């Protein structure tokens, strides 16, 4: 399954480190090597926004150029608004970009790889698949997790 990677994961991977790799960074590398990592324009914008240093901006832009954007359709924005309204009616808040990620993921049958805990709440009422992986020392599955029908109610 292809995987739509959220801003937080990209940020961890593109950040300068002390030599210690986050498990999410290692997993993103695995997804990239398997040619299943995907990005959308708004995530690209979030990653690049706020980078003050022009050379650093150029380096990030060059790294991200290797990943073409999943095309966005008008229907994605309508679906994102529906998802926003549905979640809000159940007391679940999120950003417009988060719900756009959910809409594109549903339309394109993509799992979502994120460090943002809000997506676990979204999965309680939206038909999204969260990408989960085995972290060192854990017994989690590498398979994407689809919420049970009880969670969607």
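The values are calculated or read from the model by the stated rules, or taken from the named source; none is laboratory data. Bear in mind that the values here come from a model prediction, so they are computed numbers and not experimental data. FYI the Cβ positions are ideal-geometry reconstructions off the backbone, even for glycines, and counts take in every protein chain you see.
Looking across the range 11-28, just one residue is at pLDDT 95 or above and either surrounded by fewer than 20 Cβ atoms within 10 Å (Cβ to Cβ) or within 15 Å of residue 63 (Cα to Cα) (or both), and that is 28. Only residues that are without any contact (Cβ under 8 Å) to a residue 40 or more places away in the chain and at negative phi were counted across the range 38-63, and they come to 17.
Can you find a residue that is crowded, with 18+ Cβ neighbours inside 10 Å and touching a strand residue (DSSP E or B) at 6+ places or on another chain (Cβ under 7 Å) anywhere in the range 62-75? Yes - at least one qualifying residue is present in the range 62-75.
For the range 83-101, a residue qualifies if it is in a helix (DSSP H, G or I), touching a helix residue (DSSP H, G or I) at 6+ places or on another chain (Cβ under 8 Å) and loosely packed, with under 14 Cβ neighbours inside 10 Å, and exactly one does: 96. Of the residues that sit in the range 121-142 and are touching a strand residue (DSSP E or B) at 6+ places or on another chain (Cβ under 9 Å) and either exposed (fewer than 14 other Cβ atoms within 10 Å of the Cβ) or over 15 Å from residue 83 (Cβ atoms) (or both), which one is modelled with the lowest pLDDT? By that ranking, first place goes to 133.
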